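Reviewing the structure listed below.
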Amino acid sequence: MKKIHFTLLFILLMVFPFYHSFAQEFNCSISISTQQVEGTDKQIFETLEKAVRQFINETKWTNYVLKQEEKIECSIMINITERVSTDEFKGTMTMTLRRPVYKTSYYTTLLNYIDKDFSFKYIEFQPLDYSDNSFVSNIVSMLSYYAYVFIGLDFDTFSQNGGNLYFEKAQNIVNFSQSTPDRGWKSFESQKNRYWLVENLLNSAYSSVRQCVYKYHRLGLDQMYDNIDIGRNNITEALELLRKANREKPNLFIIKLFLDAKADEIINIYSKAPPSEKTTVVNILKEIDPANSSKYQKIVNDK
């Protein structure tokens with residue numbers, strides 16, 4: 001009997017870690033660059049890279065159990081620009097979030113952004129533990145904030161306003177971070193930072209931006225395999241929603257991020273569209289993003 005109990009316990013111990021490591025939401029690649037801090041001890045950065053990878057990929061961020069192929073694809077590259085002291089660092093965080101398009105091997109970019117306000121303290125082997133109800137450290141808060149933003153953006157592409165809960169969690173992190181001296185969390189520091197990103201996403205006055213995100217991906221890109229004309233027409237309607245938001249509030253941070261991620265893709269989508277459709281889309285894009293008018297003109301020029 002003892003032998004049977006031991007065997008069952010052994011099986012459970014073997015199975016649980018396997019389930020735990022593959023049941024989380026992210027397939028996120030992490031890298032840390034230290035070229036600008038040559039000459040310092042590099043072991044701490046290797047430890048940090050491993051800690052960040054485990055934190056993002058092994059934390060349970062939602063109540064969902066995602067299959068391996070359903071995991072959210074993203075990458076985070078931390079560039080250390082200065083070692084202020086033994087355990088204090090400054091740098092940037094470059095993030096890319098991708099999402100598969102239905103019935104294809106193509107991945108569309110949802111976010112491609114560099115957060116330049118990244119300062120943090122880290123002692124080697126220090127655990128990165130997230131708390132819903134308090135500010136733990138700037139590195140934990142930033143990683144957790146973007147994890148929730150990633151989930152919210154991904155979920156928004158599959159169902160209308162599907163990311164609400166996770167944007168609210170990101171906003172909660174912003175609220176808890178107001179007392180920290182670290183930059184990026186406060187409204188008065190910039191119009192394009194963490195505070196304003198989640199504010200734009202949750203502000204009902206700009207709801208047409210998130211309507212655009214859903215229509216562009218679920219009713220647009222995901223439909224193009226079966227009917228390219230219907231899919232592209234839905235993308236045109238999605239861009240009209242983006243123009244609506246821009247007219248209500250020009251230069252919204254979230255619109256800039258959307259176009260930073262989508263500009264090249266949109267140009268490719270409309271390269272073979274009918275002339276009237278090309279003209280419509282180019283007029284929309286030039287109104288929203290006049291600084292890149294010459295780039296969007298390629299749509300009309302492409303025969």
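Residues in region 77-91 that are in contact (Cβ under 8 Å) with a residue 24 or more places away in the chain and under 19 Å from residue 128 (Cα atoms): 77, 78, 79, 80, 87, 88, 89, 90, 91.
Of 267, 254, all but one fail to be in a helix (DSSP H, G or I) and within 27 Å of residue 148 (Cβ to Cβ); the exception is 254. Of all residues in region 138-161, those satisfying the criterion of being hydroxyl-bearing (Ser, Thr, Tyr) and part of a helix (DSSP H, G or I) are 141, 144, 145, 146, 148. If you filter region 89-126 down to residues that are in a strand (DSSP E or B) and over 20 Å from the mean Cα position of the chain (by Cα), you find that the one that is nearest to residue 156 (Cα to Cα) is 120.
Cβ-Cβ contacts under 7 Å between residues 6 or more apart (or on different chains), taken from a first residue in region 199-219 that is over 22 Å from residue 185 (Cβ atoms) and among the hydroxyl-bearing types (Ser, Thr, Tyr) to a second residue that is assigned to a helix (DSSP H, G or I) and modelled with pLDDT of 95 or more, are listed as 208/241; 208/244; 208/245; 214/156; 216/235; 216/238.
Pairing each residue of region 124-146 that is more than 22 Å from residue 95 (Cα to Cα) and of a type in the set (Gly, Ala, Ser) with any residue that is surrounded by 14 or more Cβ atoms within 10 Å (Cβ to Cβ) and at pLDDT 95 or above, provided the two are 6+ apart or on different chains, yields C-beta distances under 7 Å for 134/176.
Listed conditions (1) under 17 Å from residue 118 (Cα atoms); (2) at pLDDT 95 or above are all met by residue 59, apart from (1). The C-beta contact set for region 50-76 (first residue of a type in the set (Phe, Trp, Tyr), second residue surrounded by 13 or more Cβ atoms within 10 Å (Cβ to Cβ) and not in a loop (DSSP other than H, G, I, E, B), distance under 8 angstrom, 6+ apart or interchain) comprises 55/140; 55/143; 61/26; 61/147; 61/148; 61/151; 61/166. Within region 283-299, being assigned to a helix (DSSP H, G or I) and farther than 14 Å from residue 268 by Cβ holds for 283, 284, 286, 287, 288, 290, 291, 292, 293, 294, 297. The C-beta contact set for region 232-251 (first residue under 11 Å from residue 287 (Cβ atoms), second residue part of a helix (DSSP H, G or I) and among the acidic types (Asp, Glu), distance under 9 angstrom, 6+ apart or interchain) comprises 243/287; 246/287; 247/287. Selection of first residues in region 278-303 that are closer than 21 Å to residue 248 by Cβ and of second residues that are assigned to a loop (DSSP other than H, G, I, E, B), restricted to Cβ pairs under 7 Å at least 6 apart or on distinct chains, gives the following pairs, ordered by first then second residue: 281/270.
The values are calculated or read from the model by the stated rules, or taken from the named source; none is laboratory data. Because the structure is a prediction, the values reported are computed rather than measured. With ideal geometry, Cβ positions are generated from the backbone for all residues, glycine too; neighbour counts draw on all protein chains shown.
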